[in-house]
Every structure is written in C-alpha cells, then in structure tokens.
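This report refers to the structure that appears directly beneath it.
The values are calculated or read from the model by the stated rules, or taken from the named source; none is laboratory data. Worth saying up front: this structure is predicted, and the values here are computed from it rather than measured. Every residue, glycine as well, gets a Cβ built from its backbone with ideal geometry; the counts of neighbours run over all protein chains shown.
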Amino acid sequence: PLAAAAAAGAPLAALLNARAAQAGAAWPRLAAGPLRFVAQAALPEGEAYEAFVARTAQVPTRDNLHDFFNALVWLQQPGLKRRLHELQAREIARDGVGARRGPLRDAVTLFDENGALLQAPLPLLDALRGRRWRELFVTHRALWREARLALVGHALMEKLVQPYKAITAHVLVVDEGGDVLAPLDAVAPGPHRKPFLPLPLLGVPGWWAENEASGFYDDAEVFRPPRAPAPASPSACISAGTSAASSRGR
C-alpha cells in the first residue's frame, strides 16, 4: 500500500508519518524526539543534512525512489540508522562541514548509501576477504544457506530495481552478538582504511538466476582479483636495509 500510494503521487513524507499513529510506541525515536519525515524544503540552507536530522529528529524526504528506500531502512533498522547519524553529527560538531568529508564521515556515508551486513560461516568469509570468487560462490555454494545477508544501503536498493551484474555492496562482517558498527568507529585517516569488503550481489546464490551458468563468475570486470601489493618505495627499502644492518651490528 505504501509503495502504491507513493507511485500514485501522494507525498511520501505524509504517507510515512501516517504510519506513526499505527506503530505507537514501536515508532523509531532519536535523541531529539520521535522520528518524522518532512519535505526536502524543511532543510535550512547551509545546514548539513545529518546535523539537521540529529538536531530535529526530522528526515528531509523527496518524492523519489532513493528517499523511499531510505525511509524503509529507517523503519526496518532504526537503531542502525540512528547510530550512523550520531556518528555523522559528532564529526560535524567537532570539525564543521568542509569541502571534503573526513575519513569517518566518508566511510559512514558510503555504508549508509551502499552497505550491507553479512553473517556467514568462516570459509565464506575467508574466501570473500581473499576475493577468491569461485571458492566463495561455487566451491562453498551450499554454505550460503547458513549465511545472513541484509542490505542497508538505500542507494544499493535503488540500483536493484533495475539490476545489472556489476552491482557491488560494501559489506560489514557481523560477529555473533557483536556491535555491528564498531568497525566504523575505528576508521583512521588514509585512503585505504575503510572496513568494508566488496561483494558483487548478483553472484550470491539464489539472488539472480543467471549465476547458475557455469561461466558467470569468469567475468573479471565484476569478479576482480585481489589487488597486488604496492611496491615498496626505494627510500623504504633503504630504510629497512639500514635497520636490518643496525640490528645485526648490535
């Protein structure tokens, strides 16, 4: 009914807020109060979206698929969405809004838009970390019955409306009983420190009929091999050699 009413042209924010009365105490709450969806025009000029959400408990919402899926994640995973916005608001309060996001905000935004949560048997996780795609999807295919994969990125969901082979999620591995978002808190400055694993979604058994074909996983443009380690710089090699020589001399 919600999707049909939105498709018929009803304002999405009003449709979502109408559900608050039905949900009662189960309706999501933020520190600033009960969650509300408002028109995009309610966002003051110059104020960051995430800071506005944290300050008002109001989510600016446009009448489009992107914001429709964002709202669904708010309703299905309110604790996770609340935590993501708390992390964003904390960074904005400390550093302000500059031309570029810091590493933590960058990682949180990426996960919010394109993230997924994966709880899976160790052989699957080892193969995923090593980008050993045939091992992940063919050798251990039966183990996917024991895995739990939950999409949380609303842009990721929007892509799947018109699916294509290369759609890739940024996955956080979930330990049994652990804090889902703890890895985000540990993100440090640097271009390669995001704690995500790339997972081509349509390679997951049962997610797309075409991945039953024998050659499906041979596409190296989608199922890319591991990155080769960066070669050590000459200065690093000289430094390492000097340190080793010094150690032998002691």
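For the stretch 16-54, taking the residues that are aromatic (F, W, Y) and closer than 16 Å to A89 by Cβ, the one that is nearest to the chain's Cα centre (by Cα) is identified as Y49.
For every residue, the table says whether it meets (1) over 17 Å from A150 (Cβ atoms); (2) hydroxyl-bearing (S, T, Y); (3) at pLDDT 75 or above.
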{"residue": "K194", "(1), (2), (3)": "yes, no, no"}
{"residue": "P198", "(1), (2), (3)": "no, no, yes"}
{"residue": "L202", "(1), (2), (3)": "no, no, yes"}
{"residue": "D218", "(1), (2), (3)": "yes, no, yes"}
{"residue": "A236", "(1), (2), (3)": "yes, no, no"}
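Scanning the stretch 6-20 for residues that are in a helix (DSSP H, G or I), free of Cβ contacts under 8 Å to residues at least 24 places away in the same chain and within 22 Å of A42 (Cα to Cα) turns up A14, L15, N17, A18, A20. The strands (runs of 3 or more DSSP E) found entirely in the stretch 124-203 that carry 3 or more residues being surrounded by 19 or more Cβ atoms within 10 Å (Cβ to Cβ) are 168-173.
A quick yes/no check of all residues on (1) crowded, with 19+ Cβ neighbours inside 10 Å; (2) modelled with pLDDT of 90 or more; (3) not hydroxyl-bearing (S, T, Y):
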{"residue": "A71", "(1), (2), (3)": "yes, yes, yes"}
{"residue": "Q76", "(1), (2), (3)": "no, yes, yes"}
{"residue": "R90", "(1), (2), (3)": "no, no, yes"}
{"residue": "G96", "(1), (2), (3)": "no, no, yes"}
{"residue": "G102", "(1), (2), (3)": "no, no, yes"}
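Taken over the stretch 7-34, the criterion of being charged (D, E, K, R) and at pLDDT 90 or above is satisfied by R29 alone. For the stretch 55-114, enumerate the residues that are free of Cβ contacts under 8 Å to residues at least 60 places away in the same chain, over 16 Å from L30 (Cα atoms) and under 14 Å from the mean Cα position of the chain (by Cα). Of everything in the stretch 55-114, those that are free of Cβ contacts under 8 Å to residues at least 60 places away in the same chain, over 16 Å from L30 (Cα atoms) and under 14 Å from the mean Cα position of the chain (by Cα) turn out to be R105, T109, D112, E113, N114.
The set of residues in the stretch 38-52 being within 18 Å of E113 (Cβ to Cβ) and at pLDDT 95 or above consists of Q40, L43.
Please enumerate the residues belonging to the stretch 55-69 that are surrounded by 22 or more Cβ atoms within 10 Å (Cβ to Cβ) and aliphatic (A, V, I, L, M). The answer is V59, and nothing else. Do we find that A150 is out of contact with any Phe, Trp or Tyr (no Cβ under 8 Å at 6 or more places or on another chain), within 23 Å of F68 (Cα to Cα) and at pLDDT below 95 in this structure? Yes. The residues in the stretch 90-123 that are hydrophobic (A, V, I, L, M, F, W, C), assigned to a helix (DSSP H, G or I) and touching a strand residue (DSSP E or B) at 6+ places or on another chain (Cβ under 7 Å) can be counted, and the count is 2. Residue count for the stretch 8-26, restricted to those that are surrounded by fewer than 13 Cβ atoms within 10 Å (Cβ to Cβ) and more than 15 Å from L72 (Cα to Cα): 6. Of A3, A39, all but one fail to be within 24 Å of E158 (Cβ to Cβ), in contact with a helix residue (DSSP H, G or I) (Cβ under 7 Å, 6 or more places away or on another chain), in contact (Cβ under 8 Å) with a residue 24 or more places away in the chain and among the hydrophobic types (A, V, I, L, M, F, W, C); the exception is A39.
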